[in-house]
1. Measuring from label point to label point, each 7 Å out along Cα→Cβ, what is the residue 398 to residue 205 span in nm?
2. The list [x] 37, 24, 19; [y] 47, 28, 16; [z] 30, 27, 21 gives values of semi-axes √(5λ) of the Cα gyration tensor in Å, and only one came from this structure; which label was calculated from it?
3. In whole angstrom, how far apart do the alpha carbon centroids of region 342-392 and region 165-206 sit?
4. Tell me which residues come under 5 Å, amide H to amide H, from residue 117 once H is placed; ignore anything under 5 positions away on its chain.
5. Can you list the HN-Hα couplings for region 281-296, worked out from phi with the Karplus curve (6.51, -1.76, 1.60; θ = phi - 60°), rounded to whole Hz and with x for Gly and Pro?
6. Along region 221-236, what does the Karplus equation 6.51 cos²θ - 1.76 cosθ + 1.60 (θ = phi - 60°) give for ³J(HN,Hα), rounded to whole Hz, x for Gly and Pro?
7. Report, for the chain, the % of DSSP beta bridges that are antiparallel, rounded to 5.
8. Only Cα pairs within less than 10 Å get springs; with that Gaussian network setup on the chain, which residue of 220, 251, 408 has the largest fluctuation?
Amino acid sequence: MVVSCSDNEAAAPDVPANSREPVQLDPAGMAQPLTLSRREELSAGSVAPAAVELIAEFEKHFPGGPVVQVELRRPADAFSLTVLFGPSGSGKSTTLRCLAGLDRPERGTIRFGDEIWFDAARGIFLPPQRRRIGYLFQDYALFPHLRVAQNIGYGLGKIAASERRQRIEEMTALLGLAGLEDRYPRQLSGGQQQRVALARALVCRPRLLLLDEPLSALDAPTREHLRRQLRHWLVELRMSTILVTHDRIEALALGDHVAVFEAGRVCQSGSVQQVFSAPVNRAVARIVGVDTIENGMVVQVADGLATIQVGPKQLIALAPSRRNGGRDGEVYVCIRAEDVMLEKRGADLSQSSARNHLLGHIRSVDREGPMMRVNLDCGFPLKALVTNQAYQNMGLREQDEIVAVVKAPAIHLIARDWSR
């Protein structure tokens, strides 16, 4: 299935007979996005915003299954890449399909600027063709019987042949597909197929681009290469984009803004840096890949620093905000493995600015490509991530004594009395 952005091949929307607000029709009888009246725009006593925004607040129900509840508000008139991030089955792809018009929510609204795409109370549901979006499916959904140029131009609808050729040429040049126009999908590599699918989504110049795990079907080297290129292409096109992924590296590399999903709900949203460095609860901390999450107790706060009791050890962290203080000082102590440095016992640490020097021993080691994940016992379980070369240079082995070095700002505290 392909989502077309063509204005000439639109199907009529599914509008119940008892709809209180009919969808507007153009002179040819095509369904048009319903435009908010000036009175509706100003009903709350506010002035209509100058920037175009996508505002989605809806629920999608599955019989005998979960309920996906979404609240999302993102700019849509300039480049912005929003990542819907979370584990499989958390509601990310369902959210994308509802935004595209491929699935219909049971409650709520979806608005794009002054257009209403969906309003359950008023019986309004605009199909994908009228939303003028681009959609890239996880499996690319290329037509095997069409050549590259035909696949790219499929969603253009009825436009002049010269305009069609020009747009296809623009996309093949931008995405490095020149010379492949006459090939069939089976004659392309995985990376080339991905670029053809992306070109097909972009060729109709959509107002919003939706990407459902666009790199998941690729091998690791190709995925890494296209990850860098994808953001470059979208920045160059100034394309507002919403992307679904459960890959942490992909989210960090591509996103400006992230919404973290768990069990059908958005648990936290904000800038990528903010969400990944300061998760609001234990569930989000696990989802964004915090390696060490331990129970702790704030025993002292002085000069902007907190002393935290974790098992038999004490850690120094930046003093938590009032929100993160916890009842009776109970907190979760969150430390990323990449923020833990290892030194051999007896090393001179007098010049180190880090406040936490934790003596422990190596329990086990797991190889992760060029990195080594070192599982430590420092009076509490602690994980460190070091390069294979560094591990070999230090001559480390399981059961060796080691000093784990952690800076105070690298420790994030979450209150236990309100966090799951």
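1. Using points 7 Å along Cα→Cβ, the separation is 6.2 nm.
2. Given [x] 37, 24, 19; [y] 47, 28, 16; [z] 30, 27, 21, the calculated one carries the label [y].
3. 47
4. For residue 117, whose amide H was placed from the backbone, the distant partners under 5 Å are 110, 111, 112.
5. 8, 5, 4, 5, 4, 5, 5, 7, x, 5, 7, 10, 10, 10, 5, x
6. x, 5, 4, 5, 5, 6, 4, 5, 5, 4, 5, 4, 4, 5, 5, 4
7. Restricted to the chain, the bridges split so that about 80 percent are antiparallel.
8. Taking springs between Cα atoms under 10 Å, the residue moving most is 220.
The values are calculated or read from the model by the stated rules, or taken from the named source; none is laboratory data. This one's a predicted model, so the numbers in the text were calculated from it and none came from an experiment. Cβ: placed from backbone, ideal geometry, glycine included. Neighbour counts: every protein chain shown. Accessible surface areas use protein heavy atoms only, side chains included; no ligands, DNA or RNA. Shrake-Rupley method; radii C 1.70, N 1.55, O 1.52, S 1.80 Å.
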